[in-house]
Amino acid sequence: MSNVMEEKGSLSINSENIFPIIKKWLYSDHDIFYRELISNGCDAITKMKKLEVMGEVTLPEDNEWKVTVQVSPEEKTIKIIDNGIGMTADEVKQYINQIAFSGAQAFVEKYKDKTNEDCIIGHFGLGFYSAFMVAHKVTIDTKSYKDEPSVHWESEEGVDFEMSEGTRTERGTEITLYLNEDSYEFSNEYRAKEVIEKYCSFMPTPIFFENVDAPAKEEKKSESSEEKDGEAKDGGETEEKKPQPINDPNPLWTKHPNECTEEEYKKFYRDVFHDYKEPLFWIHLNMDYPFNLKGILYFPKINTEYENLDGVIKLYSNQVFIADNIKEVIPEFLLLLKGVIDCPDLPLNVSRSALQNDGFVKKISDYITKKVADKLSGMCKVEREAYEKYWDDISPFIKFGCLKDEKFGEKMKDYMLFKNLEGKYLTLEDYVKAAKEAAGEPEEAPIVENADGTSATGEEGENAEESAEEKKQVVYYVTDERQQSQYINMFKEAGLDAIFLTHNIDQPYISKLEYDNKEIRFQRIDADLTETFKEEVTENEEDWKKMTDTVTELVKKALNKEKLTVKVEKLKNEKVASMITLSEDSRRMQDMMRMYNMSGMDPSMFGGEGETLVLNANHPLVKYVFEHKKSKNASVICEQLYDLAMLSHKPLAPEEMTKFIERSNEIMLLLTK
Ligand code: ADP
Ligand code: MG
C-alpha cells in the first residue's frame, strides 16, 4: 500500500519547453485531446477486462463497461470518466508525473529541429498531456481496482502538480478539464460530438455523452407527458429510454468476413462515408500474420467519366482513428477508393518521412496492393460478367493504378478490358487477333495495316522501306462517341472494329501500353483514312491530277486557307462528301498543349500537321465543284463541306458556328425559289 498521500512537487523537467512545442506540433488539431483521453479510458477498461479473463478479479454481474464524456458549456468544463482499472497513488506518480514527462521530453529532443510538415502521424506519446493544449487546469480523480485509497491530482498549466487523498469511491478514473478561453468550443455539445465522432466512432468500449447543462430528457418528458403520449415514438410512457452509446465498439472490419452480410457491408459504407450511392463491391482485408491488418476497401460507384475520383481511406490503430489518406502507408492509387484500414502494428509515433522509408510500412502497403489486384483478377477469371458490368466504373481506378504502381500493373495486365464498337469487352489480345482475322491475315503475320493507312494488302515490295513504326499493329480507338460518330459508322460499314477510350486517364494509359507493347500503336479513329475506305482510281493519271489539283485550289481559295491540307479521294461510302482527319501525332501534341494551356500556339511549330480535309470524289457535291469551278455556288459548297466535316470532328468556334448557320439558311432559301 502506498503511504505518501500528501505530496507537493514541481513538474519542472523542462516543462516550460515542452508545452510551446506540443502546442506547435498539435496546433492544427487541438481537438486530438478528446481522442487521447477517451482512448486512455478505453485502455483502462481493456486492462480490467484482461484481469477478469485471467481470473485476477471478479466483477459484479451488472458491471457495464463504459466511458462517459460530460460537458458543461456553462462551467466550461469537460469530464471524461471510465470504470476501468484506475490508478493507485504510486501509479499516478509513475505514469502521470514521471513517464509522461520523460516521454514528452524525449519527444521534444527528437523533433525540436523538425518542421511542421513532417509532423507526427499519430501524435502518440503525448497522451494525457494533450489535455493542456485546451485546459489551464486538469484534475484526476482515480481509484484503483486494488484496495487502496483514491487519489486526487491536479495541475495548473501542467507545470506544478498537487496530489492528495481523493473522495472517489468507485473503481475508475475521472479526468476534469477546465478549458482555456480559446478552447471553450470543446464544451459545446455539437462541437464535442463532432470531434468524438471523428476520432472515437469505433473505439472498443461504449462511449456515452452527456451535456449536464441541457434540460434532462426525462424531466421534459414527464412535464409534458400527457400531450406527448400520442406521438411518443420511442418506446411508451413507462419504459425509460436507455441511453445509447455514441460509438460502435464492434465495427464491421473486426469481424470475420464469413460473418458479414452484404447488407452489413453496405450499411457500414453508408454510415462511414455518407455516400448513398451503393458501392460496387468491396474487399475485406483480414490478416494476422506476419502483421496485424484488418479493413474494408470499397469500390465506389463513379457517376460520370468526368467526376473526380477522390476517395478516402481512414486509418485506425486498434479502432482509434489516426487520420485520413496517409499516403505514406496507403498506395496513392488506392486513395481513390473508400475504406477503412486498422493496423495496430504501424509505427505511428514517428514522423511522416520516417514512415515513408520504413521497410515494414512498405510491406504493409504492398500487401494491400496485392490484395486488391488478387480480388480484381479473381473476379475477371471467375465472375467475368460482374467484372464487365463494373468495368466502366472501375477501369479509371485500375488504369491509374497501373500507371502508378509497376507491380500492380504487372498483375493486372491480362485483366484489362476494352469495350469495342459492339459494346463487347475484349482484352487487347482479343482485339488484335480479331483485327488480324478481319484483315484476312494469318495469325502470326506481323502487320494488318500501316499506321498511315497505306498499303496493307497492297503489292509487296512497294513499301519495303517501312519504318518499324509503320509495321506496328494499329489499335483504333474512340474518345467521344458523339463527336466521332461519322467515323464510327464508316468503321462499322467497313467491318472494322475500334475500342472506346473515353476517360482522361486513357491518354497516359495509351502511352504506357505503347511503351510496354512495342508491336502495337494506338490511333484515334479519325486520325487517317485507311485503305479499306478508298476505291481504286481508274481515271488516267493526268485527268485525275488535274481534277484533284483544281478542287484543292478552289477549296483553299473559298476558305481563304492557303495552308490547309486537302486530299481528294475516292471513298467507297457514297454518303460521305467531306471529312476531317488529324494525324495521331498532331492530335496528341495538341492535346498536350491544351493540357499545358498553350492552346494559342500553332501546332505546326512542333512539327505537327494540323487537320486534313478529305473530299470524296465520288460524291455529287464534289463533282459539282469541279464541274462548276467558276460559279459562286461552288465556293459556297466548299465552305459548307468544310464546316460540315469540321462539325463532325470537333465543336466549331462561336464565330464559325454563326457563319455556318447563316450560310445554311441561305442554302435553304434556295429551296424556296
Ligand atoms: P499512453 O496512453 O501512451 O501510455 P498517456 O500519456 O496517455 O500515454 O498515459 C500515460 C499512462 O497513464 C497510461 O499508460 C496509463 O498507465 C495511465 N493512465 C492514463 N489515463 C488513465 C486512465 N483513464 N485510467 C488508468 N490509467 C490511466
Ligand atoms: Mg494514452
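The values are calculated or read from the model by the stated rules, or taken from the named source; none is laboratory data. Just so it is clear, the structure is predicted and the values come from calculations on it, not from any experiment. Cβ atoms come from the backbone with ideal geometry, glycine included; neighbour counts cover every protein chain shown. Note: accessible area is taken over every heavy atom of the protein model, side chains too, but ligands, DNA and RNA are not part of it. Shrake-Rupley method; radii C 1.70, N 1.55, O 1.52, S 1.80 Å.
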Keeping to the stretch 127-142, report how many residues are touching a strand residue (DSSP E or B) at 6+ places or on another chain (Cβ under 8 Å) and either more than 10 Å from ligand 1 (Cβ to nearest atom) or in a loop (DSSP other than H, G, I, E, B) (or both). 8
Which count do you get for residues in the stretch 59-82 that are away from ligand 2 (no atom under 16 Å from the Cβ), open to solvent by less than 20 Å² (accessible area, probe 1.4 Å) and not β-branched (Val, Ile, Thr)? 1
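Restricting to the stretch 331-363, what's the tally of residues that are β-branched (Val, Ile, Thr) and modelled with pLDDT of 90 or more? Step through it out loud before you land on a result.
In the first step, residues of the stretch 331-363 are kept if they are β-branched (Val, Ile, Thr); the result is 340-341, 350, 361.
Filter once more, keeping what is modelled with pLDDT of 90 or more: 340-341.
Qualifying residue count for the region: 2.
Checking the structure you have, find out if any residue of the stretch 585-606 is modelled with pLDDT of 90 or more and surrounded by fewer than 16 Cβ atoms within 10 Å (Cβ to Cβ). Please lay out each step first, then the result.
First pass over the stretch 585-606, keeping only residues modelled with pLDDT of 90 or more: none.
Scanning the stretch 585-606 turns up no residue that is modelled with pLDDT of 90 or more and surrounded by fewer than 16 Cβ atoms within 10 Å (Cβ to Cβ).
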So which residues in the stretch 40-59 are more than 7 Å from ligand 1 (Cβ to nearest atom) and under 42 Å from the mean Cα position of the chain (by Cα)? Cys42, Ile45, Thr46, Lys47, Met48, Lys49, Lys50
Output the residues belonging to the stretch 147-192 that are modelled with pLDDT under 95 and in contact with a helix residue (DSSP H, G or I) (Cβ under 6 Å, 6 or more places away or on another chain). Gly158, Val159
Pairs where the first residue, in the stretch 570-587, is under 20 Å from Glu639 (Cα atoms) and the second is acidic (Asp, Glu) and part of a strand (DSSP E or B), C-beta under 6 Å, 6+ apart: Ile580/Glu611; Leu582/Glu611
In the stretch 244-260, anything touching a helix residue (DSSP H, G or I) at 6+ places or on another chain (Cβ under 9 Å) and more than 15 Å from Tyr316 (Cβ to Cβ) is listed as Ile246, Cys260
Counting only residues that are open to solvent by 10 Å² or more (accessible area, probe 1.4 Å) and either away from ligand 1 (no atom under 13 Å from the Cβ) or more than 14 Å from Val92 (Cα to Cα) (or both), how many does the stretch 146-175 have? 19
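Scan Ile13, Ile99, Ile85 and give me the residue that is open to solvent by 10 Å² or more (accessible area, probe 1.4 Å) and modelled with pLDDT of 60 or more. Let's see the steps before the verdict.
Numbers: Ile13 fails: modelled with pLDDT of 60 or more; Ile99 fails: modelled with pLDDT of 60 or more.
The unique qualifying residue is Ile85.
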Show the residue pairs meeting these rules: Cβ distance below 8 Å; 6+ apart or different chains; first residue within the stretch 35-51 and under 10 Å from Trp65 (Cβ atoms) and open to solvent by 20 Å² or more (accessible area, probe 1.4 Å); second residue of a type in the set (Lys, Arg) and at pLDDT 90 or above. none
Let me spell it out: the conditions are (1) at pLDDT 85 or above; (2) open to solvent by 90 Å² or more (accessible area, probe 1.4 Å), and Ala577 meets all of them except one. Which number is the exception? (2)
Of the residues in the stretch 16-31, those that are away from ligand 2 (no atom under 16 Å from the Cβ), under 18 Å from Asn97 (Cβ atoms) and at pLDDT 60 or above number 2
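Answer yes or no as to whether Leu280 is surrounded by 14 or more Cβ atoms within 10 Å (Cβ to Cβ), in contact with a Phe, Trp or Tyr (Cβ under 8 Å, 6 or more places away or on another chain) and modelled with pLDDT of 95 or more. Explain how you work it out, then say what you get.
Numbers: surrounded by 14 or more Cβ atoms within 10 Å (Cβ to Cβ): yes; in contact with a Phe, Trp or Tyr (Cβ under 8 Å, 6 or more places away or on another chain): yes; modelled with pLDDT of 95 or more: no.
Considered against the rule, which asks whether it is surrounded by 14 or more Cβ atoms within 10 Å (Cβ to Cβ), in contact with a Phe, Trp or Tyr (Cβ under 8 Å, 6 or more places away or on another chain) and modelled with pLDDT of 95 or more, Leu280 comes out as no.
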Search result, residues across the stretch 355-412 that are open to solvent by 30 Å² or more (accessible area, probe 1.4 Å) and of a type in the set (Gly, Ala, Ser): Gly359
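Suppose we filter the stretch 32-58 for residues that are over 14 Å from Pro204 (Cβ atoms), out of contact with any Lys or Arg (no Cβ under 9 Å at 6 or more places or on another chain) and more than 16 Å from ligand 2 (Cβ to nearest atom); how many remain? Lay out the reasoning, then the answer.
Within the stretch 32-58, the subset over 14 Å from Pro204 (Cβ atoms) is 32-34, 36-37, 51-58.
Applying the additional criterion that residues be out of contact with any Lys or Arg (no Cβ under 9 Å at 6 or more places or on another chain) yields 32-33, 36-37, 51-55, 57-58.
Then drop every residue that is not more than 16 Å from ligand 2 (Cβ to nearest atom), which leaves 51-55, 57-58.
Residues that pass the stated criteria total 7.
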